[in-house]
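To keep things clear, I will list the structure first and then write my remarks on it.
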Amino acid sequence: MEISKDHPRYRSLMTREKLSELSKEGILAPTGLIAHGRGEAFDYLLGERTVPAANEAAKVAAAHLLEARRPIITVNGNAAGLCAKGLISLANAIPARLEVNIFHRTPGRIERLCNYLEELGGRDILGREQDALLKGIESDRARCSSEGIGSADVVLIPLEDGDRASALAAAGKVVLAIDLNPLSRTAIAADVAVVDEITRAVPNIERHVYDLKGQPQDRRFLIDSFSNENNLSLIKRTMCKSLFQKS
Ligand code: PTJ
């Protein structure tokens with residue numbers, strides 16, 4: 001479909017077209033399009049920008065990723081479709097491994113996602129072999145890689161569902177979420193929820209990773225003084241304020 005560059009929602013429309021194509025290719029799950037629409041609605045309430053509370057959470061997420069012994073970044077269809085290159089770049093900066101771990105799971109889709117990341121420069125992608133189980137999850141959605149999520153101490157989960165986020169937290173892992181919905185079970189279960197659009201959040205976390213390298217004291221101070229609950233309250237207040245400004 002032809003979209004004029006002058007259209008005020010050009011970027012959003014182009015992203016939708018891209019996701020629609022990736023859904024036809026089996027990279028994005030069909031319901032990933034619905035999840036994207038929910039995200040857009042919340043982003044509208046944030047003014048489609050990184051608000052100060054989200055930037056603070058991004059900084060703390062970067063601190064955790066640098067403090068981790070075995071950091072892992074999980075990748076699903078939406079995360080890959082929206083931000084594959086950004087996630088690869090972040091993984092290299094930390095460094096961390098990427099693991100394809102999807103909700104709507106078929107062996108073919110896992111393979112397609114791994115190939116997609118590799119074609120874009122991703123290395124040592126985990127997920128093809130899923131030889132560990134995450135406790136507290138019914139069905140094969142519990143499956144993960146023992147080298148990746150299974151043995152990770154810190155897990156960054158962009159756009160994850162609430163069950164898996166809670167199971168990761170119950171397994172004692174530090175859970176860092178990227179989720180535009182501050183009311184979601186994922187955002188609440190996380191140790192750090194970055195309530196920001198993934199294509200802004202990921203390069204922002206990477207920027208903080210570079211800033212915090214060689215600063216272990218700053219990292220620990222950031223981690224110790226952060227409250228996810230307080231941060232989510234700030235985000236919700238920002239959203240409410242924007243609702244009243246727009247009316
Ligand atoms: O590829 P799969 O099979 O793993 O499926 C991926 C989806 C996203 C479909 C699956 O994990 C799912 O159903 O997720 P949920 O439970 O709908 O949660 C997705 C969350 O991501 C929602 O809270 C959305 O608000 C949020 N979200 C959507 N788009 C963005 C986003 N957060 C940040 N940036 C976005 N662009």
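Of note:
- 5 angstrom amide H check on L134, placed H, neighbours 5+ away: R143, C144
- Near the amide H of V174, within less than 5 Å, lie the amide hydrogens of V154, V155, all on another chain or at least 5 residues away, with H placed in the peptide plane.
- The helix-only estimate of mean residue ellipticity at 222 nm for the chain, built from DSSP H runs of length n ≥ 4 each weighted as -39500 (n - 2.57), is -17500 deg cm²/dmol after division by the residue total.
- Net charge dipole size for the chain [Lys, Arg +1 and Asp, Glu -1 on Cβ; Debye, nearest 20]: 380
- Sorted largest first by accessible area at a 1.4 angstrom probe radius, with every protein chain in place, the residues E229, E2 fall in the order E2, E229.
- Compactness of the chain as Cα Rg over 2.2 N^0.38 Å, two decimals: 0.97
- Antiparallel bridge percentage (DSSP; both residues within the chain; nearest 5): 10
- Only one residue of I198, P30, G77 has its Cα farthest out toward the positive end of the dipole of the chain, where Lys and Arg carry +1 and Asp and Glu -1 on Cβ, and that residue is I198.
- Once the Cβ-Cβ distance of Q215 and K24 is raised to the sixth power relative to R0 = 41 Å, the FRET efficiency obtained is 0.35.
- Segment S146-Q245, extension gain: residue separation times 0.36 nm, minus the distance between their alpha carbons: 30.8 nm
- Modelled this way, with points 7 Å down the Cα-to-C-beta line, the labels at A170 and D124 are 3.1 nm from one another.
- Counting only the Cα atoms, segment 116-247 fills a convex hull of 156 Å³ per residue.
- Net charge over other residues, Cβ less than 12 angstrom from the Cβ of D163 (K, R count +1; D, E count -1): +1
The values are calculated or read from the model by the stated rules, or taken from the named source; none is laboratory data. Quick caveat, the model's predicted, so the values are computed rather than measured. Cβ sites come from the backbone with ideal geometry, for glycine too, and all protein chains shown count toward neighbours. We work out accessible area using only protein heavy atoms, side chains counted, and drop any ligands, DNA or RNA first. Shrake-Rupley method; radii C 1.70, N 1.55, O 1.52, S 1.80 Å.
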